[in-house]
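Here is the structure we will look at.
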Amino acid sequence: MTLARVCGNVVATKRSDAVAGARYLLVAATDPMGNVLERTIVALDTVGAGLDELVLVSQGSSARQTRVTDKKAIDAVIIGIVDVVEASGTVAYKK
Amino acid sequence: MVLARVVGTVVSTSKVPQLQGIRFLLLERLDAATMKGTGDQVVAMDSVGAGPGEVVFYVSGSSSRLTPATEGRPSDATITAIVDEVELNGKAVYRKDAL
């Protein structure tokens, strides 16, 4: 999974991924402290993540292993909102 | 999924039978902060009728075969949405048909 920061959202009404009421967020991969490292991708939100929150993103075919994305044309999904990251014995991130 | 702009089309006539009746569009990945092209380009199957210059997003890998238009086709990149709006850090950075 990738640690990522929610940095925006995307609205798209004309779609073919057949996901009802889909909420697409722009997320950017971060280091354990939550500092953005890479450019953004679009991920489907299934847990109600908000702007600037740190989240866990799953990509590839595994992104279809949730109730909402099963058999859907989705390759990136937010599977959790991060509360704490502990790295090498110290708290690297706390919500 | 990846945010991109339709920058061209690709036509192929000698192709595997599974490619009959599907359009290929040339996409360039966009940097959401500037909505400018990053130089990364890909050829994607179009499953939503995207037009030239439009902002879209596309799905990659096996998921790209799970739209009605690309089921059973050898696709690894399919446009699944035409984007209406992009908001970054609370600011609208793109709005379709904005004058």
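The values are calculated or read from the model by the stated rules, or taken from the named source; none is laboratory data. In this text the structure is predicted, and so the values were computed from the model without any measurement. When we count neighbours, we look across all protein chains shown, and the Cβ atoms used for this are built from the backbone with ideal geometry, even at glycine. Note: accessible area is taken over every heavy atom of the protein model, side chains too, but ligands, DNA and RNA are not part of it. Shrake-Rupley method; radii C 1.70, N 1.55, O 1.52, S 1.80 Å.
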Sole residue being within 7 Å of another protein chain (Cβ to nearest Cβ), free of Cβ contacts under 8 Å to residues at least 40 places away in the same chain and open to solvent by 30 Å² or more (accessible area, probe 1.4 Å), chosen from A:Lys14, A:Lys72
A:Lys14
Within region B:67-99, take every residue that is open to solvent by 60 Å² or more (accessible area, probe 1.4 Å) and aliphatic (A, V, I, L, M) and give me the one that is farthest from the other protein chains (Cβ to nearest Cβ).
B:Leu99
Given (1) open to solvent by less than 10 Å² (accessible area, probe 1.4 Å); (2) more than 14 Å from chain B (Cβ to nearest Cβ); (3) hydrophobic (A, V, I, L, M, F, W, C), where does A:Val19 come up short, assuming only one miss?
(2)
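Test A:Ser88 against the criterion of being at pLDDT 95 or above and of a type in the set (Ser, Thr, Tyr), and give yes or no.
Values: at pLDDT 95 or above: no; of a type in the set (Ser, Thr, Tyr): yes.
Against the criterion (at pLDDT 95 or above and of a type in the set (Ser, Thr, Tyr)), A:Ser88 does not qualify.
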Having 1 or more residues that are under 25 Å from B:Gly49 (Cβ atoms) is the bar; report the strands (runs of 3 or more DSSP E) wholly within region A:1-71 that clear it.
A:2-11, A:24-30, A:36-45
Scan region A:75-91 for residues that are surrounded by fewer than 16 Cβ atoms within 10 Å (Cβ to Cβ) and either in contact with a Ser or Thr (Cβ under 8 Å, 6 or more places away or on another chain) or not charged (D, E, K, R) (or both) and report the count.
7
Just for strands (runs of 3 or more DSSP E) wholly inside region B:2-99: which have at least 2 residues that are farther than 28 Å from A:Leu51 by Cβ?
B:2-10, B:24-31, B:36-46, B:77-82
A:Val36 is checked against (1) surrounded by fewer than 17 Cβ atoms within 10 Å (Cβ to Cβ); (2) under 20 Å from A:Ser62 (Cα atoms); (3) touching a Ser or Thr at 6+ places or on another chain (Cβ under 8 Å) and fails just one. What number does that condition carry?
(2)
